[in-house]
Amino acid sequence: MVAADEKMGPGDQYIINQLKPVKTPVYLVINKIDLVHPDDLLPRIKQYQTARDFTGVFPISATMGNNVDELLAELTKALPEGPQYYPADQLSDHPEYFVVGELIREKILELTRDEVPHSVAVEVERMKDRINGKLQIEAYIIVERDSQKGIIIGRGGAMLKQIGIRSRRDIEALLGESVNLKLWVRVQKNWRDNNQYLRSLGYNIKDLH
């Protein structure tokens, strides 16, 4: 991939030389075509084509979307089909409990930013019963200090309410059904140093160390 508004330089030539013996398909993608006049684009394409014979040439604009779909379609067609490692309806190799907990945790970090460090976890206690057509989910937000608990709850429970609203929206999109989400905040001192507790939360200890 090269930029349409930049001339071909020694670095580009070096990469092209490295690609010359490659037998697999090599595509030239020229991005930022929205920044140059078409009359200036054609000579630039010819310069690269003279340096190497490409399988395909795609002038695109990632910002404007020009020819992006065509590029993706061509690459998809060229890629060999691999084995199916998971069932078609499986969204992740983690249990749904873990994924739902991570979605909630993501919203906590987005809303609190630097106020709460990454010493926060989410433990999903219940996720199976349905009442009035809504899946009932109950989860605990785990923090290490009382001060962090206060931040997550917020004044009059405002922060916890926002975490719940945003989390529920993403969980419903993930699961494809209506959800009733209830959240509580619990202080668990030094939970990150307890391997047994980490395992209960669904974390792989090998990946953490």
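Tabulated values for the structure
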| quantity | calculated |
| --- | --- |
| Cα-based reach from K149 at 26 Å (exclusive), listing lysines while leaving out same-chain residues under 8 positions away | K107, K161, K182, K189 |
| Taking the chain and dividing mean pair separation by its residue count, relative contact order in percent (alpha carbons under 8 Å, at least six apart) | 14 |
| In Hz, Karplus ³J(HN,Hα) per residue of segment 44-51 (6.51, -1.76, 1.60; θ = phi - 60°; x = Gly, Pro) | 5, 5, 4, 4, 5, 5, 5, 6 |
| CD proxy at 222 nm, helix term only [per DSSP H run n ≥ 4: -39500 (n - 2.57); per residue of the chain; nearest 500] | -12500 deg cm²/dmol |
| Residue with peak Gaussian network fluctuation, the chain [Cα springs, cutoff 10 Å], from D170, D69, D146 | D69 |
| Candidates L174, L103, L72, ranked by Gaussian network fluctuation over the chain, Cα under 10 Å, top entry | L72 |
| Spin-label pair S178/N194, simplified geometry with 7 Å Cα→Cβ offset, distance in nm | 3.7 |
| Pairwise FRET efficiency - K7 versus E74, Cβ, R0 = 30 Å, nearest 0.05 | 0.70 |
| From phi via Karplus (6.51, -1.76, 1.60), per-residue ³J(HN,Hα) for segment 97-107 in Hz, x at Gly/Pro | 3, 5, 5, 4, x, 5, 5, 5, 4, 4, 5 |
| Spin-label pair R113/R169, simplified geometry with 7 Å Cα→Cβ offset, distance in nm | 1.8 |
| Cα gyration tensor category, rounded, prolate or oblate, for segment 2-78 with a/c compared to 1.5 | oblate |
| Chain lengthening between N66 and E125 when straightened (0.36 nm per residue, less Cα-Cα) | 16.5 nm |
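Read the figures in this text as sums done on the coordinates, not as results from a lab. As the structure is a computational prediction, the values presented were derived from the model and not from experiment. Counting neighbours? That spans all protein chains shown, and the Cβs are built from the backbone with ideal geometry, glycine included.
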